[in-house]
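Worksheet for the structure shown next.
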2 protein chains.
Amino acid sequence: MPPRDEHDYEDRRQQIIRGALDAFAAKGFDSASNKDIAEAAKIGSPGLIYHYFRDKVDLLHQVILEQMPLIEIIDSAEAMMDRPPEEALPEMARKLMGAIHQWPTVAIARVVIAESMRNKRVASMVSDIGPGRGMRILATYLERQMDAGRLRRMNPHIAARLLVGPIIAYMITGYIFEQPEIQSVLPEEMAKQTIESFLRAMAPDGA
Amino acid sequence: MPPRDEHDYEDRRQQIIRGALDAFAAKGFDSASNKDIAEAAKIGSPGLIYHYFRDKVDLLHQVILEQMPLIEIIDSAEAMMDRPPEEALPEMARKLMGAIHQWPTVAIARVVIAESMRNKRVASMVSDIGPGRGMRILATYLERQMDAGRLRRMNPHIAARLLVGPIIAYMITGYIFEQPEIQSVLPEEMAKQTIESFLRAMAPDGA
DNA sequence: CACTATTGATTGACTGGTCAATCAATAGTG
DNA sequence: CACTATTGATTGACCAGTCAATCAATAGTG
């Protein structure tokens with residue numbers, strides 16, 4: 001059954017996806033009802049959702065697939081493979097921090113993390129397109145820098161986590177647990193210190 | 001109304017708490033029904049839950065309060081305040097990794113993080129007794145070591161996240177996203193590398 | 001020591017309500 | 001007019017929490 005107009009169809013679909021993201025971010029996937037979604041998306045009826053999506057889980061999957069902004073960042077990171085860490089890492093951090101400051105990133109992160117926590121299918125889907133792919137690319141990059149003698153040699157997957165871990169800890173303690181001591185530290189400051197420490201720890205033995 | 005037998009009462013209560021933890025970890029707080037909990041706890045009826053707990057949220061709170069194994073670790077960490085990092089950090093890591101190997105730790109982490117994501121009351125409760133307190137104690141310890149000249153001086157809250165972050169990243173990528181590359185790295189290895197890197201990065205400038 | 005009263009523990013049925021999903025009817029469009 | 005888009009009512013499942021009734025252990029009594 002071809003849709004009446006390809007563009008209208010896609011616009012409507014996106015409208016529902018964006019509304020669903022708002023609703024999921026506000027209430028979580030389970031607690032956001034189709035009525036909530038319909039209201040957030042400004043469509044007249046919950047029933048319409050089923051014209052565009054198989055079911056609620058399908059809608060969640062489409063939201064995740066089409067709204068994960070990390071994907072472009074990971075792509076751009078892939079282009080930096082041969083630049084030395086002192087340049088490439090701050091550049092990546094700058095892009096990442098820029099993304100964090102935008103609403104959809106935080107919203108989608110909430111949804112994705114909460115849902116990955118208890119749904120293995122979502123977790124592996126998310127991992128494939130987002131964090132998993134990102135970590136793998138980062139590890140490849142670090143390994144190449146080790147080969148080039150610019151970093152001390154070690155398991156690159158461990159090294160990737162040494163680099164990314166502090167930022168994750170910063171985000172969890174700051175954004176989720178809202179610990180007051182860390183609120184006064186700016187993201188840029190945290191990124192700078194993390195990279196500095198990483199490079200210090202990973203300096204080649206000869207240096 | 002005192003219970004017939006204090007021990008029986010407490011045993012039953014714990015039985016329900018453990019069952020609830022299993023159910024919450026498997027399905028999440030909202031999706032786990034009282035029937036699920038009753039089955040997991042091997043009690044005959046969902047109604048019995050209300051003999052021991054005010055409501056479902058009260059049950060969640062009790063699960064978190066009584067099953068967060070981090071609490072003892074934090075207590076023991078407080079005793080190490082004056083020992084040098086080369087001794088104290090591996091000791092803390094050993095205890096932490098021991099906890100990670102046990103099922104309840106990962107289960108409770110799943111529940112707690114997912115729930116903190118959308119419930120600020122739970123988030124701050126959790127933060128007060130677990131991660132928040134732990135991070136604060138760690139920061140105090142690190143600051144004291146900086147004062148003693150055993151570590152390079154920097155914001156101790158950032159330093160605490162530099163140390164703990166990689167372990168968190170290791171847990172999230174390994175246990176929640178189940179990324180295969182990191183599965184072959186043993187927790188002990190990860191802890192050792194993290195501490196080594198941290199000490200390298202934090203070595204006093206003069207050294 | 002036998003018998004009964006009392007009390008807490010446990011059950012299963014029930015209630016008011018919510019929700020995802022379906023569907024028949026209608027509006028709109030090419 | 002043929003076909004899609006949209007609506008709103010409906011269905012059937014399920015759920016948190018309540019409650020009356022039953023069960024089992026203990027305490028009290030003569």
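Just so it is clear, none of the values below were taken in a lab; they were calculated from the coordinates. Everything numeric in this text was worked out from a predicted model, so none of it was measured. No Cβ is skipped: glycine too gets one built from the backbone with ideal geometry, and neighbour counts run over all protein chains shown.
Structure data summary
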{"item": "Under the span-like rule (Cα at least 15 Å along the axis, Kyte-Doolittle mean at least 0.0), DSSP H helices of chain B", "result": "B:56-67, B:103-116, B:156-171"}
{"item": "Total charge dipole magnitude, the protein assembly as shown, about the Cα centre, Cβ charges on Lys, Arg, Asp, Glu only, Debye to nearest 20", "result": "180 debye"}
{"item": "Shape call, the protein assembly as shown: gyration tensor on alpha carbons, a/c limit 1.5", "result": "oblate"}
{"item": "Cβ-vector label at 7 Å, A:Glu86, separations to other copies in nm", "result": "3.0"}
{"item": "Proximal lysines relative to A:Lys120, as straight alpha-carbon distance under 22 Å, when same-chain residues fewer than 8 apart are discounted", "result": "A:Lys27, A:Lys56, B:Lys27"}
{"item": "Local net charge near A:Glu86, Cβ-Cβ under 14 Å (Lys/Arg +1, Asp/Glu -1)", "result": "+1"}
